[in-house]
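To start, the structure itself, in structure tokens.
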Amino acid sequence: MPLIEGGHIHFGENKVQEALEKWSETKNKNSHVRLHMIGKLQSNKVKLALEIFDFIHSLDNLKLAKKIAEEQKKYKNKPKIFIQINIGNETQKSGISKNNLLDFYNECKNMNLDVVGTMCLPPIGKDPNIFFSEMSKINKDLKFKELSMGMSDDYLKAIEYTATYLRIGSKIFGQRS
């Protein structure tokens, strides 16, 4: 609440159920607050997610895109969406391959999804500059205005590469217990 009272309006959450519990009443009382889904979204949670989130930063597969397209028809506001790119080609991470991005984006447009940008999580332990630079170029090529990248450890580098949304929760609120 102190952040909201101080004028901050954008907040991120990793989990749908937790967001509903924490934010439903707050958002009802503060209609200007915007909530961002920054964690992995499972297709079985889309209906609940669209009740509370204004942004989804983790669109990472066609099944999820179809589910969001189907469910958003039931709501007045459709969420602003970031396509998650697996920028480091890591097998353990979600995200669209750079090679499949253009086709995936076109499918999303055909489903009437409001894709506003891309998102990435660069590989841990590697220089993020390489990946942030590549993401900046991808975003420019696709003419996106929004770019979601950078966390508490690398957000200053992300800003250098035109990031418009940062995930710096642990720097502000501390580590999760």
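The values are calculated or read from the model by the stated rules, or taken from the named source; none is laboratory data. The structure displayed is predicted, hence computed values, not measured ones. When we count neighbours, we look across all protein chains shown, and the Cβ atoms used for this are built from the backbone with ideal geometry, even at glycine.
How many residues are within 15 Å of the chain's Cα centre (by Cα) and either free of Cβ contacts under 8 Å to residues at least 60 places away in the same chain or surrounded by fewer than 19 Cβ atoms within 10 Å (Cβ to Cβ) (or both) when one looks only at segment 159-168?
Let us first name the residues in segment 159-168 that are within 15 Å of the chain's Cα centre (by Cα), namely 163-168.
Restricting the remaining residues to those that are either free of Cβ contacts under 8 Å to residues at least 60 places away in the same chain or surrounded by fewer than 19 Cβ atoms within 10 Å (Cβ to Cβ) (or both) gives 163-164, 166, 168.
Looking only at that region, the number is 4.
Can you tell me which residue is farthest from K80 (Cα to Cα) among those in segment 14-58 that are among the hydroxyl-bearing types (S, T, Y) and surrounded by 15 or more Cβ atoms within 10 Å (Cβ to Cβ)? Give the steps one after another, and end with the answer.
Filtering segment 14-58 for residues among the hydroxyl-bearing types (S, T, Y) gives 24, 26, 31, 43, 58.
Within this subset, residues satisfying the condition of being surrounded by 15 or more Cβ atoms within 10 Å (Cβ to Cβ) are 43, 58.
On the way: S43: 17, S58: 11 Å.
Once the filter is applied, the top-ranked residue is S43.
Sort out for me the strands (runs of 3 or more DSSP E) sitting completely within segment 1-85 that have 1 or more residues that are in contact with a Leu (Cβ under 7 Å, 6 or more places away or on another chain).
Numbers: elements: 10-13, 34-37, 55-59, 80-85.
Output list reads 10-13, 55-59, 80-85.
Is segment 145-153 home to any residue that is in contact (Cβ under 8 Å) with a residue 24 or more places away in the chain and touching a helix residue (DSSP H, G or I) at 6+ places or on another chain (Cβ under 7 Å)? Steps first, please.
Quick first cut of segment 145-153, residues in contact (Cβ under 8 Å) with a residue 24 or more places away in the chain only: 145-149, 151.
Pick out the ones that are also touching a helix residue (DSSP H, G or I) at 6+ places or on another chain (Cβ under 7 Å) and you get 147, 149.
Yes, segment 145-153 contains a residue that is in contact (Cβ under 8 Å) with a residue 24 or more places away in the chain and touching a helix residue (DSSP H, G or I) at 6+ places or on another chain (Cβ under 7 Å).
Tell me yes or no: at least one residue of segment 84-97 is surrounded by fewer than 17 Cβ atoms within 10 Å (Cβ to Cβ) and among the acidic types (D, E).
Yes, segment 84-97 contains a residue that is surrounded by fewer than 17 Cβ atoms within 10 Å (Cβ to Cβ) and among the acidic types (D, E).
I'd like the full set of residues that are closer than 23 Å to W23 by Cα and buried (at least 22 other Cβ atoms within 10 Å of the Cβ), limited to segment 59-83.
Of everything in segment 59-83, those that are closer than 23 Å to W23 by Cα and buried (at least 22 other Cβ atoms within 10 Å of the Cβ) turn out to be L59, I68, P79, I81, F82.
Need the failing condition index for L147 against (1) surrounded by 15 or more Cβ atoms within 10 Å (Cβ to Cβ); (2) modelled with pLDDT under 95; (3) within 17 Å of the chain's Cα centre (by Cα), just the number.
(2)
Could you please give the count of residues in segment 108-143 that are surrounded by 14 or more Cβ atoms within 10 Å (Cβ to Cβ) and assigned to a loop (DSSP other than H, G, I, E, B)?
Going through segment 108-143 one residue at a time, the tally reaches 6.
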